[in-house]
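Scroll down for the structure; my scribbles are underneath it.
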Amino acid sequence: MKPFDYNRADNVSAASKAARDGATIIAGGTNLLDLMKLEVMAPDIVIDINRLDLDEISRTDDGGLRIGALVTNSDLAANEIVRREYEVLSRALLAGASGQLRNKATTGGNLCQRTRCYYFYDTDMPCNKRDPGSGCHAREGFNRIHAILGTSDACIATHPSDMAVAMRALGAKVHIEGPEETQRTIALEDFYRLPGDRPQDDNTLEPGEVITAVILPAPQKDARHIYRKVRDRASYAFALVSVAAVAQMEDGKIADISLAFGGLAHMPWRDGAVEDLLKGQAPSDKLFTEAAEVLLKDAKTFGSNDFKIPLTRRTLKAVLREVCSTGETT
């Protein structure tokens, strides 16, 4: 690990100014410290934000939930309101990492974690995300965990977060503060970006901006929540495919549904065309097959990850059967 200076911020403004001037923010450090040890990231200055008052979970005026950026994954998963009204989020958090890591990992840091692409972590290999213009060795190399949706010639990496997948299904928004006390709140889908020709830019944060909270809308009444994660081992493994589903049933039909997917793209993936196809329809295996085909119509595989298309199809159908309670076996 290369030498660096370490400072603590006493308020958001101080953290924002330090970040604008080139410092790297650290909270739980569960991803950043690994990257620093491997010299994938080598900041000259690290600014610790753990003293900031951003560790509370509170109701919003409209009945939603405001989650401070420093709320740990363990505390968020165990929160009574989250477990009762946003069950898909609690399930997703408990499916991620290990208990020790969840005790340190924070809400804001979880959203900002970087890809676990093998080539990104190996500084001897070319990687456009780590070294823009050097190439993407994953496209022709070992790409078992890599993306099949939203890829580009420059990058096929996936975003590793389970939490972010559930939050995408819930319609979360991200509250951001920047230099000179500027503030903005954006939808989670606008926080992330696809790789395009700038895969080094994981998200839309501007220099000096700091995530201060995530805001969830008021929960849907009588909604059913499912989070299913398919991975190589039962714990401490990233998703090959994951699905977060929140659905409301009425008179035997799908009144409303939101679906988000992990392990498939550079960001938590959501496809409105799939949801529109399902809404107002009576659950059936034929309908679920059509939904999978719409989701995967533009999918592109790269050899080692060819299996993700049939795996995604089966996983989505199984989740839809469960969340819509058709009674069919999977």
Would you call ARG130 outside any loop (DSSP other than H, G, I, E, B) and under 30 Å from LEU70 (Cβ atoms)? no
Residue check for GLN200: in a loop (DSSP other than H, G, I, E, B), under 18 Å from SER258 (Cα atoms) and more than 15 Å from the chain's Cα centre (by Cα): no
I need the full set of residues from the stretch 265-279 which are in a loop (DSSP other than H, G, I, E, B), of a type in the set (A, V, I, L, M) and either open to solvent by 10 Å² or more (accessible area, probe 1.4 Å) or touching an Asp or Glu at 6+ places or on another chain (Cβ under 8 Å) (or both), in order please. MET267
Single residue of the stretch 10-24 satisfying the filter (under 15 Å from GLU181 (Cα atoms) and not in a helix (DSSP H, G or I)) that is most open to solvent (accessible area, probe 1.4 Å): ASP10
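Conditions (1) more than 26 Å from HIS159 (Cα to Cα); (2) in a loop (DSSP other than H, G, I, E, B), marked per residue:
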{"residue": "ILE257", "(1), (2)": "no, no"}
{"residue": "GLN281", "(1), (2)": "yes, yes"}
{"residue": "VAL294", "(1), (2)": "no, no"}
{"residue": "GLY303", "(1), (2)": "no, yes"}
Considering every residue within the stretch 168-180, establish whether at least one is closer than 23 Å to GLU206 by Cβ, part of a helix (DSSP H, G or I), at pLDDT below 95 and open to solvent by 10 Å² or more (accessible area, probe 1.4 Å). yes
Considering each residue of the stretch 91-140, count those that are touching a Pro at 6+ places or on another chain (Cβ under 6 Å), buried (at least 20 other Cβ atoms within 10 Å of the Cβ) and without any contact (Cβ under 8 Å) to a residue 40 or more places away in the chain, and give that number. 0
Extreme residue, nearest to SER242 (Cα to Cα), among residues of the stretch 75-90 that are of a type outside the set (A, V, I, L, M) and open to solvent by 30 Å² or more (accessible area, probe 1.4 Å): GLU87
Take the residues of the stretch 181-225 that are open to solvent by 20 Å² or more (accessible area, probe 1.4 Å) and among the aliphatic types (A, V, I, L, M): which is farthest from ILE49 (Cα to Cα)? ALA223
Scanning the stretch 225-255 residue by residue, the ones that are part of a strand (DSSP E or B), over 18 Å from LEU94 (Cβ atoms) and not hydrophobic (A, V, I, L, M, F, W, C) total 3
Is one or more of the residues making up the stretch 240-250 polar (S, T, N, Q), over 30 Å from ILE49 (Cβ atoms) and surrounded by 15 or more Cβ atoms within 10 Å (Cβ to Cβ)? yes
Restricting attention to the stretch 35-69, and to residues there that are charged (D, E, K, R) and within 21 Å of PRO3 (Cβ to Cβ), which single residue is least open to solvent (accessible area, probe 1.4 Å)? ASP48
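The values are calculated or read from the model by the stated rules, or taken from the named source; none is laboratory data. Given the structure is predicted, the values throughout are model-derived calculations rather than measurements. Here Cβ is always computed from backbone atoms with ideal geometry, including for glycine, and neighbour counts include all displayed protein chains. The area values use the complete protein model at the heavy-atom level, side chains included, leaving out ligands, DNA and RNA. Shrake-Rupley method; radii C 1.70, N 1.55, O 1.52, S 1.80 Å.
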